[in-house]
């Protein structure tokens, strides 16, 4: 044991915060439910949490109340023409007497629905989890690493409270479009309900799919990979103790030949042996 | 602003022709301007006009609804053939909610002689247009005399008031190429009816 | 809280680790430990150059060399095999350093022609130098030092306070004086940045130490 480095729980917390700052991810996907095509783009970042260091032989780094937060940008695309019936206006007959011809009844005009509408909606989410990590030392080529590897844990993302916000946004947008069409004032509320009724059948399935997607994206983070250890401490094997200073003064190194890591007295202790 | 041009009819328009003589009429649904008839589809539809009609001014209306068929790139009339009597009138209009269907015209012949053509309306032909967008529509008759239709938005009106106004279709007479009245005020959802009281080869188009 | 004692981090260099470092310095930068005048090879990359000693009235100079063996450092508590002589003792927060210094002179060499001095032309070609060497054993005791280096880093070092050199009788005091400065100059070259003491794993703001105890040089601080 030629050198010892110890980190308290508070110090380990600071190291963990740096690690978390580097853990973020973005991913997109889309799917269709009947006339509704939904695109969703997820951003996830990690922060916070407090570390508890559990002594050997367990050697567990326990992270309490880690905050997983982010935003999913959702795009609802739908074609009113696929949901609403053909509507021709006016809803009554208009006739006019024309001399030399007779009573002429003017034609109804059937409303072409606008092209598919895309409504963007932002759904923020935030969930706190606790996770345990095992400690190990890895020979990583030119470095020694003290790594963390997560133990399986449960994670549940629930977007169902956002259903109300989604419905409101779609209602407002469709209402605005329908208000541009003359002579259907009395019908607008009814037609908006037709859209919301079509949506209600699939909204919980949509939110469930997006929640699962967020869940899967979070587990793509290295920190939560059950197979990829994440370095908490990295030591270069070759340490430059005196930098080079011209021809008679080449660099003086020491080489860390072996590294050990354990948790003792709630401190993370790394011990190095020099060659 | 709406698209408004009697030479190129859209789903907002209607074209009417009165049949003063009995006989077999055949009409075509065209897309190109006059002179290009030989470049277009030769499909003809029949109107049989019998001689036992009412007197002038008391005929019956026959509606022909044109349905756009995207596969055939054609309007298909319903009914395919019309049976009418003298002094009856046929009103063509498009019933489709396909927004990008192209504008069209109607040209009819009898005994190999052109009898009516919506691209140049004859005496007692009628053009209808339902205005959907508000604005000041300045138009020309035969590229000469000017008229204007002032269209206000329906959004400020209570539904009952709007419906009451929309139940009336104001009539604009065209005689000698001059519209009367030359200025008219309506709200969106109302239809203007231009009646060619006297004239030949009449066109109504927006001034750009 | 054992090691970190209320701070975020703790780093300690054991005397074995420090002695391995000194071994590496000895191998890679031999000129820190070897000095000589030109006759004995001074001025090469492995041996620093010394000026010969002027001998008053002689009109000539003495060529000499100094070679320090690989020093060995002991942190308190004193190693079992330690040979610290009185009055040196290893107390709290102290280290000892011991080395052998080989001092050689070229005796009988007329090295330089000086103006106004006696010079026997006949004997100009005679030269019968004798290389006389003696080995001095050196022990010293000192304390750890810290100096600011930049806004966020410091230099940790060792400095001796007392020195004992044996085997040279009356010249002892003079040599001890010279030797003390010499050893401190050597130690100053071996200062380490705080960041190097945590082996580059993270940034450390020094809050307490350096302190020598339990055979280790210890520091404490906050992680940045």
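So, in the range B:12-51, of the ones that are in a helix (DSSP H, G or I) and free of Cβ contacts under 8 Å to residues at least 40 places away in the same chain, which residue ends up surrounded by the fewest Cβ atoms within 10 Å (Cβ to Cβ)? Full working, then the answer.
Kept after step one, since they are in a helix (DSSP H, G or I), are these residues of the range B:12-51: B:37-39.
Now restrict to residues that are free of Cβ contacts under 8 Å to residues at least 40 places away in the same chain: B:38-39.
Values: B:38: 7, B:39: 9.
Selected residue: B:38.
Within the range A:86-115, the residues that satisfy the criterion of being within 26 Å of residue A:36 (Cα to Cα) and touching a residue at least 40 places away in the same chain (Cβ under 8 Å) are A:87, A:111, A:114. Scan the range A:260-267 and tell me whether some residue there is facing chain C (nearest Cβ under 9 Å), touching a strand residue (DSSP E or B) at 6+ places or on another chain (Cβ under 8 Å), farther than 24 Å from residue A:18 by Cα and touching a residue at least 12 places away in the same chain (Cβ under 8 Å). No: zero hits. For the range A:177-199, a residue qualifies if it is without any contact (Cβ under 8 Å) to a residue 12 or more places away in the chain and under 26 Å from residue A:41 (Cα atoms), and exactly one does: A:197.
Looking across the range B:99-148 at every residue that is farther than 26 Å from residue B:24 by Cβ and assigned by TED's automatic domain parsing to the domain that holds residue B:37, the one that is surrounded by the most Cβ atoms within 10 Å (Cβ to Cβ) is identified as B:101. Annotation: of all residues in the range B:161-205 being in a strand (DSSP E or B), closer than 26 Å to residue B:106 by Cα and more than 15 Å from the chain's Cα centre (by Cα), the one that is farthest from the other protein chains (Cβ to nearest Cβ) is B:178. Could you say whether any residue in the range A:216-234 is facing chain C (nearest Cβ under 8 Å), free of Cβ contacts under 8 Å to residues at least 40 places away in the same chain and touching a strand residue (DSSP E or B) at 6+ places or on another chain (Cβ under 8 Å)? Within the range A:216-234, none of the residues are facing chain C (nearest Cβ under 8 Å), free of Cβ contacts under 8 Å to residues at least 40 places away in the same chain and touching a strand residue (DSSP E or B) at 6+ places or on another chain (Cβ under 8 Å). Checking the condition crowded, with 17+ Cβ neighbours inside 10 Å, within 14 Å of chain B (Cβ to nearest Cβ) and either closer than 30 Å to residue C:12 by Cβ or in contact with a strand residue (DSSP E or B) (Cβ under 9 Å, 6 or more places away or on another chain) (or both), which residue from A:183, A:207, A:242 passes? Checking each option against the conditions leaves just A:183.
Condition first: away from chain A (no Cβ under 13 Å), in a strand (DSSP E or B) and modelled with pLDDT of 85 or more. Now tell me which residues in the range B:94-120 satisfy that. Across the range B:94-120, the qualifying residues are B:104, B:105, B:106, B:107, B:108, B:109, B:110, B:115, B:116, B:117. Of everything in the range B:149-179, what is surrounded by fewer than 14 Cβ atoms within 10 Å (Cβ to Cβ), within 21 Å of residue A:105 (Cβ to Cβ) and touching a strand residue (DSSP E or B) at 6+ places or on another chain (Cβ under 9 Å)? Give them in sequence order. Answer for the range B:149-179, where residues must be surrounded by fewer than 14 Cβ atoms within 10 Å (Cβ to Cβ), within 21 Å of residue A:105 (Cβ to Cβ) and touching a strand residue (DSSP E or B) at 6+ places or on another chain (Cβ under 9 Å): B:167, B:168. In the range C:1-13, the residues that are within 7 Å of another protein chain (Cβ to nearest Cβ) reach residues that are assigned to a loop (DSSP other than H, G, I, E, B) with C-beta atoms within less than 6 angstrom, at least six apart or across chains, in these pairs: C:2/A:265; C:4/A:8; C:8/A:8; C:10/C:3; C:10/C:4; C:11/C:198.
Looking at this structure, is residue B:3 farther than 28 Å from residue B:87 by Cβ, surrounded by fewer than 17 Cβ atoms within 10 Å (Cβ to Cβ) and within 14 Å of another protein chain (Cβ to nearest Cβ)?
Numbers: farther than 28 Å from residue B:87 by Cβ: yes; surrounded by fewer than 17 Cβ atoms within 10 Å (Cβ to Cβ): yes; within 14 Å of another protein chain (Cβ to nearest Cβ): yes.
Here the answer is yes, as residue B:3 does meet what is asked.
Do we find that residue A:73 is touching a residue at least 24 places away in the same chain (Cβ under 8 Å) and in a strand (DSSP E or B) in this structure?
Values: touching a residue at least 24 places away in the same chain (Cβ under 8 Å): yes; in a strand (DSSP E or B): yes.
So residue A:73 passes the test.
The values are calculated or read from the model by the stated rules, or taken from the named source; none is laboratory data. Being a predicted model, the structure only gives us computed values, none of them experimental. Positions of Cβ are generated from backbone atoms using ideal geometry, with glycine treated the same way; all protein chains shown enter the neighbour counts.
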